[in-house]
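Each reported figure results from applying straightforward, stated rules to the coordinates on display, with no laboratory input. These numbers were taken from a predicted model, which means no experiment stands behind them. Here the Cβ positions follow ideal geometry from the backbone for every residue, glycine too, while neighbour counts run over all protein chains shown.
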Amino acid sequence: MAAAAMEVVAGCYEQVLLGFAALPAESWTVVPDFTHHAHTASLSAVAVNNRYVVTGSRDETIQIYDMKKKIEHGALLQHNGTITCLEFYGTSHLLSGAEDGLICIWNTKRWECLKSIKAHKGHVTSLSIHPSGKLALSVGTDKTLRTWNLVEGRPAFIKNLKQNAHIIKWSPDGERYVTVISNKVDVYRLDTASITGTITTEKIISSLRFITDSILAIAGDDETVRFYSCNSQKCLCEFKAHENRIKDIYSFEREGQHVIVTASSDGYIKVWNLDLNKIKDAPSLLCEVNTKARLTCLAVWLDQGSEMKENCDKTATSSQANEDEKSSIVKKKKVCWTDKSDKTAKTGRKITTKKRKLETPLQKKKKKHNSSE
């Protein structure tokens, strides 16, 4: 049986989106697949769904890539400021946040901006969509945590924070969420909206992922990845992953195997196998690649046709009933999110660029060689 398609995508300061084909087998390998120079400034955010990869940049644009066809699909203009966060909800919607304080809701079928919300008085620093699709959370530099009713497209609740939070994340089951302020992680319960525990690290936290509903992978301004229990707030395991600070972590599950991908300022992307039955043991290294770039953000695109599934902010195991419920929620959102009277949404547009193929690293070298002649 052929290996399922999998692509590690990473943004960097060099204004390039890097793609690496990951080949899971008895011996994993990650090989350079494409490079794309779509932005005019460094990349700041990347998100994936089963078809597209989107990137955000300091150049205030969002670029779209069709991974099925391996082509550049176009660009989105709505924000005035660095794109700080991007997150898909399934195949139907994309949410974007930026330094202009806006959260934009995009329809991914026609790539229209359905709604543009003035979410924060300062920058939007992070956002996260509840697995049900009914709620979203956002934090910003106005020291607030805001809850959004996505069914009706309106604010639901505002909580004042003592400091600016720079990361917010739902657990896969949607029963809790976490905020990150500097080197501190506060764990909240959804039903009470109160803090149930706090995790404190020595360094400023740069990236955080839920591995399960109760286990967090945390990385900061050092070369170490740590796993923490949300229930006890205790460190379950820590290991040296890189030679420099870690910029981003991504995780997913493949055929029962928990895989973690890390990107570092040392230029390396590394793929790890985590055995949850031996959580106290350091993960084993599956493979690595030296990108020779100053990495900023990371994601893994998984082919829908594969048996892989994402383990990033989505329920790890779901019944058909849950899928039916999600389907009905999406239908509701299509009606409620699309507000034709919202004048701010009408200015959003897609740049209809020529659909260019993503160039391979070899093509890139040839171009440089020809230009030198």
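Here are the numbers for the structure shown:
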{"item": "Contour excess over end-to-end distance, with Cα ends at Leu77 and Glu238 and 0.36 nm allotted per residue", "result": "53.9 nm"}
{"item": "Three-way shape call for segment 7-98 based on the alpha-carbon gyration tensor, with the a/c threshold at 1.5", "result": "prolate"}
{"item": "Phi to ³J(HN,Hα) by Karplus 6.51 cos²θ - 1.76 cosθ + 1.60 over segment 125-131, Hz, x for Gly, Pro", "result": "9, 6, 9, 8, 9, 5, x"}
{"item": "GluC sites (Glu not before Pro) restricted to DSSP loop in segment 196-239 with at most 12 other C-beta within 10 Å", "result": "Glu202"}
{"item": "Whole-Hz couplings from phi, Karplus 6.51/-1.76/1.60, listed for segment 40-52; x for Gly and Pro", "result": "9, 8, 5, 7, 10, 7, 8, 9, 9, 10, 6, 10, 10"}
{"item": "Sorted by Cβ density within 10 Å, fewest first, the residues Ile269, Ile204", "result": "Ile204, Ile269"}
{"item": "GluC sites (Glu not before Pro) restricted to DSSP loop in segment 1-68 with at most 15 other C-beta within 10 Å", "result": "Glu26"}
